[in-house]
Each structure stands twice: as structure tokens, then as C-alpha cells.
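The values are calculated or read from the model by the stated rules, or taken from the named source; none is laboratory data. Note that the structure is predicted; figures quoted are calculated from it, not measured. So basically every Cβ, Gly included, is an ideal-geometry build from the backbone, and we count neighbours across all protein chains shown.
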Amino acid sequence: MKNNKRKQKIFVTADLHFNHNNMIRFSPNTRGHFIDVDEMNKTIIENWNQVVEENDLVYLLGDLAFCSVNKTKYFLEQLNGKIILIKGNHDNYKDIKKYQHLYI
């Protein structure tokens, strides 16, 4: 009997910069630049979830988001995979502790 369960994949990424308006000019999409930060956030989540499955392991090397703790939690909850978050230079350690339950 064939096992259809896919093996866990490991990914490494960084600098998602959710909700960071200034990143729009550096983040072209298929039609040019994003219209606004909401479109950018939605596209990041969609692209991530098209590649990363629930059982996959993702090393996220910092600079997750430029927004409130609650909004950051919202973004993390949307992402597939088991995330290991490594603090970046734009990440606030006190904030990270508030959503650490969402990653490994």
C-alpha cells in the first residue's frame, strides 16, 4: 500500500515585514507594485500557504511585522507550518513573548 503522506519540508525565510507600508515600493507583484499594504499582506499569506503545508518546518529569521501585537498574532495564525521565529533587528522582544505560543 502506497503512503500518500508527504514528508516534512524545511524552509528558511526572513523579512516578511507584514503591515510595513514602506516595503511596498520594494515588493513588486505580478502587476507591478502592490496597491496597498492590505494587498501585500494578503499576497504574502497566500504565497506562503501555497508552498508551506501544516507539517512543514519554517525558520523565520526575523523582521516579521510592523504593527501591533494583536495584528502580528493575526498574521501568524494565518500561516501554515510549524514556525521557529528568530528575532530580527526590527522585532521587539517584549512583543514576541506575547505571541510565542504561535510558533515553536
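Given the residues Asn89, Asn55, Asn49, Asn3, which is the only one that is within 11 Å of the chain's Cα centre (by Cα) and either modelled with pLDDT of 90 or more or assigned to a loop (DSSP other than H, G, I, E, B) (or both)? So that I can check it myself, show each step before the final result.
Details: Asn89 fails: within 11 Å of the chain's Cα centre (by Cα); Asn55 fails: within 11 Å of the chain's Cα centre (by Cα); Asn3 fails: within 11 Å of the chain's Cα centre (by Cα).
Step by step, each of Asn89, Asn55, Asn49, Asn3 is checked, and only Asn49 is within 11 Å of the chain's Cα centre (by Cα) and either modelled with pLDDT of 90 or more or assigned to a loop (DSSP other than H, G, I, E, B) (or both).
Filter segment 28-46 down to residues that are closer than 20 Å to Lys73 by Cβ and of a type outside the set (D, E, K, R) and give me whichever is modelled with the highest pLDDT. Step through it out loud before you land on a result.
Let us first name the residues in segment 28-46 that are closer than 20 Å to Lys73 by Cβ, namely 37-38, 40-46.
From the residues that got through so far, the ones that are of a type outside the set (D, E, K, R) too are 37, 40-41, 43-45.
Working: Val37: 91, Met40: 91, Asn41: 94, Thr43: 92, Ile44: 93, Ile45: 97.
For segment 28-46, the residue satisfying everything is Ile45.
List the pairs whose first member sits in segment 6-27 and is modelled with pLDDT under 90, whose second member is exposed (fewer than 15 other Cβ atoms within 10 Å of the Cβ), and whose Cβ atoms are under 7 Å apart, counting only residues at least 6 apart or on separate chains?
Close Cβ pairs satisfying both conditions: Arg6/Glu53; Ile24/His33; Arg25/His33.
Of a type outside the set (A, V, I, L, M, F, W, C), surrounded by 15 or more Cβ atoms within 10 Å (Cβ to Cβ) and farther than 20 Å from Asn21 by Cα, is that true of Asp56?
On the way: of a type outside the set (A, V, I, L, M, F, W, C): yes; surrounded by 15 or more Cβ atoms within 10 Å (Cβ to Cβ): yes; farther than 20 Å from Asn21 by Cα: yes.
Against the criterion (of a type outside the set (A, V, I, L, M, F, W, C), surrounded by 15 or more Cβ atoms within 10 Å (Cβ to Cβ) and farther than 20 Å from Asn21 by Cα), Asp56 qualifies.
Go through segment 16-75 and report how many residues are among the basic types (Lys, Arg) and within 30 Å of Arg6 (Cβ to Cβ). Walk me through how you get there before you give the answer.
The first filter runs over segment 16-75 and keeps only residues among the basic types (Lys, Arg), leaving 25, 31, 42, 71, 73.
Checking which are within 30 Å of Arg6 (Cβ to Cβ) leaves us with 42, 73.
Total meeting the criteria: 2.
For segment 58-75, which residues satisfy the criterion of being hydrophobic (A, V, I, L, M, F, W, C), at pLDDT below 90 and in a helix (DSSP H, G or I)?
Within segment 58-75, just Val69 meets the criteria.
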